[in-house]
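A.B. asks: Here it is: the structure, laid out below.
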Amino acid sequence: MSLDPMKTVRETVITIPAATRVFEKAKIDYCCGGDQLLGAACSKAGIDLPTLEQMLETNIEAAPGATTEFQQLSVAELVQYILDKHHVYTRDEMERLEKLVDKVVNAHGANHSELLSIRDLTQQLFAELKGHMFKEEQILFPFVVELERSLTQQRPAPFAPFGSVNNPIRMMRVEHDNAGELLREMRKLSGDYNPPDDACMSYKTFYSALEAFEQDLHQHIHLENNLLFPKVAKLEGALNS
C-alpha cells in the first residue's frame, strides 16, 4: 500500500480508516494534529514511510473490512455513532478510572510521586470532558442534526443563538486540543504507561485502562475534528448559499 507523504494526516485517515489504529501504534497524532503533512508526521514520530506502509498492510490483512466507512455516514448517523460508541464509553470509563486512580495512589503514591500528578491530570481531564460532552449533547449535536434535516427537507436553517456553527465548533476544537495536551502529559509521566516492577495488579490495570481510554479519545476526537465538523460546515454553507 502506497502512502503519499504530501497528503495531510487527516486526508490519509479519511481515505484509509484503518490507518487510525496504525497511527496510534506509531504515535502519529491523527486527531488534533490532522493538518500536518504525513511525511512531516512520520519524521516527528521517528518512523519511515515504508515501515508505516508495511504496518498498514499487515493491519488490513489481519482485520479486513473491520472499519466503518465514516465518510459515507450522514451527519445524524455520525452523531449517533459518536454518542453510542464514544460518549457512553467515556462516561463509563471515567467513573471506573476515578475509583481506580485513588486506589493506586493510596497504595503506591508514597513511592511513585508521579501518580499524584497523574491523578491531578485525570481529574482535570475528566472535569473538562464532562462539560465538553454536555455542550455537545445539549446544544451542538441537536443543532447540527436539525441543520441537516433542514437541508434535506428544503427548509430554512434553524435559529442559531451562537451565530455561525463554526463558533461552537471552534470552541470544541480548542477543548479537544486541551484534552490532547493532558493525555500527552500523562503518557510522559507514566513512561508510556509502563508500570514499575513493584506494581500491583490494580496499578497495572490502571495504566492499561488509561492507555485504552487515550486511544478511544483519539478516535473520538478524530471523528469530530476530521469528519463531523467539516461536514457540518459544508451543510451550513449550502443552506446559506
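A.B. asks: Excluding ligands, DNA and RNA, what is the solvent-accessible area per residue of the chain at a probe of 1.4 Å, expressed in Å²?
C.D. replies: 50
A.B. asks: A further question on this structure: What's the magnitude of the charge dipole for the chain around its Cα centre, counting Lys and Arg as +1 and Asp and Glu as -1 at the beta-carbon? Answer in Debye, nearest 20.
C.D. replies: With only Lys, Arg, Asp and Glu charged at Cβ, the dipole is about 420 debye.
A.B. asks: So if a site counts as exposed when it's one of the trypsin sites (Lys or Arg not before Pro), its DSSP state isn't H, G, I, E or B, and it has at most 16 other Cβ atoms within 10 Å, what's the longest stretch of the chain without one?
C.D. replies: 28-241
A.B. asks: Pairs K44/K188; K7/K188; K27/K204; K135/K204; K27/K99; K7/K135: which are spaced more than 25 Å apart, C-alpha to C-alpha?
C.D. replies: Correct reply: K7/K188; K135/K204; K27/K99; K7/K135.
A.B. asks: Between beta-carbons, use under 11 Å as the cut-off and find the net charge around S164, counting Lys and Arg +1, Asp and Glu -1.
C.D. replies: Every neighbour counted, the sum reads 0.
A.B. asks: Given a cut-off of under 8 Å on Cα pairs at least six residues apart, what relative contact order in percent is computed for region 85-241?
C.D. replies: Relative contact order, region 85-241: 35 percent.
A.B. asks: Any number yet on Rg/Rh for region 114-204, C-alpha, Kirkwood?
C.D. replies: 1.21
A.B. asks: Could you work out Rg/(2.2 N^0.38 Å) for region 68-166, with Rg from alpha carbons only?
C.D. replies: Details: Rg = 19.2 Å, N = 99, 2.2 N^0.38 = 12.6 Å.
Here the answer is 1.52, to two decimals.
A.B. asks: Follow-up. What is the percent of Cα-Cα separations in the chain that go past 31 Å?
C.D. replies: Details: 8952 of 28920 pairs.
So the portion of pairs separated by more than 31 Å is 31 percent.
A.B. asks: If we count every other residue with Cβ under 13 angstrom of F134's Cβ, Lys/Arg +1 and Asp/Glu -1, where does the sum land? Please report the intermediate quantities before stating the final value.
C.D. replies: Values: positive: R91, K130, K135; negative: E128, E136, E137, E175.
Cβ neighbours under 13 Å give a net charge of -1.
A.B. asks: Still on this structure, please answer the following. With a 1.4 Å probe and all protein chains left in place, how much of the accessible area of region 79-189 comes from carbon and sulfur atoms, in whole percent?
C.D. replies: It is 53 percent, rounded to a whole number.
The values are calculated or read from the model by the stated rules, or taken from the named source; none is laboratory data. These numbers come from a predicted model, not from an experiment. For neighbour counting, all protein chains shown are included, and Cβ atoms are generated from backbone atoms with ideal geometry for every residue, glycine included. Heads up: the accessible areas ignore ligands, DNA and RNA and are worked out on the full protein's heavy atoms, side chains in. Shrake-Rupley method; radii C 1.70, N 1.55, O 1.52, S 1.80 Å.
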